[in-house]
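Here is the structure we will look at.
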Amino acid sequence: MAQKETFSEFERQAMRKRAKELKKAKNTEADVLEKIAEMTDEEVSFAMTIHDIVKRVAPELKAKTWYGMPAYANADGKVVIFFQAATKFKARYSTIGFNDTASLDEGNLWTTSFAISAMTNDVVAKLTVLIKRSISGNNIS
């Protein structure tokens, strides 16, 4: 007899949170900043640095929440970039991720998610390049 697959309580909470986001009449930068403010000090530093880079090098992306986390969407409303706080996902490190709408393609294999353990000048420089590249042409609509 096949075992019925069920979602964990954590997954159900994430889905409920996403449903609430979709029902909201507005999903604004203020909502993103509110979510960032709920994070640990280190995660706030990571998320705000990413937020500032996006505003500077990809101002055409709209800040919004996505599964309760900061994200940045293209003109079609599709998420290109998202941040995941370590504590929210009970993970060892926070991550920045890029969806298939990002232009990061490199041949037949490329990275779409990056762990962040410290926000150094080198990391800021690499993130700036990745974020610029994510919006440069060949985006899937």
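Read-outs throughout are calculated quantities, based only on the coordinates presented, and are distinct from any laboratory measurement. Everything numeric in this text was worked out from a predicted model, so none of it was measured. Ideal geometry is used to build each Cβ from the backbone, glycine not excepted, and the neighbour counts take in all protein chains shown.
Summary of packing: across the peptides 48-54, 68-74, the per-residue average of other C-beta atoms within 10 Å ranks them, highest first, as 68-74, 48-54. Computed 3J(HN,Hα) for region 71-83, one whole-Hz value per residue from the Karplus formula 6.51 cos²θ - 1.76 cosθ + 1.60 where θ = phi - 60°, is 8, 9, 10, 7, 4, 7, x, 8, 5, 9, 10, 9, 10, glycine and proline marked x. Computed over region 9-134, the range of Cα coordinates on each principal axis works out to 36, 32, 29 Å, biggest value leading.
Candidate cross-link partners of Lys132 among the aspartates and glutamates, defined by an alpha-carbon separation under 12 Å and a same-chain spacing of 8 or more, comprise Glu60. Remark: region 9-134 carries a charge dipole of roughly 440 debye about the Cα centre, counting +1 on each Lys and Arg Cβ and -1 on each Asp and Glu Cβ. Placing unit charges on each Cβ (+1 for Lys and Arg, -1 for Asp and Glu) gives the chain a dipole about its Cα centre, and among Phe10, Ala115, Ala71 the Cα reaching farthest toward its positive end belongs to Phe10.
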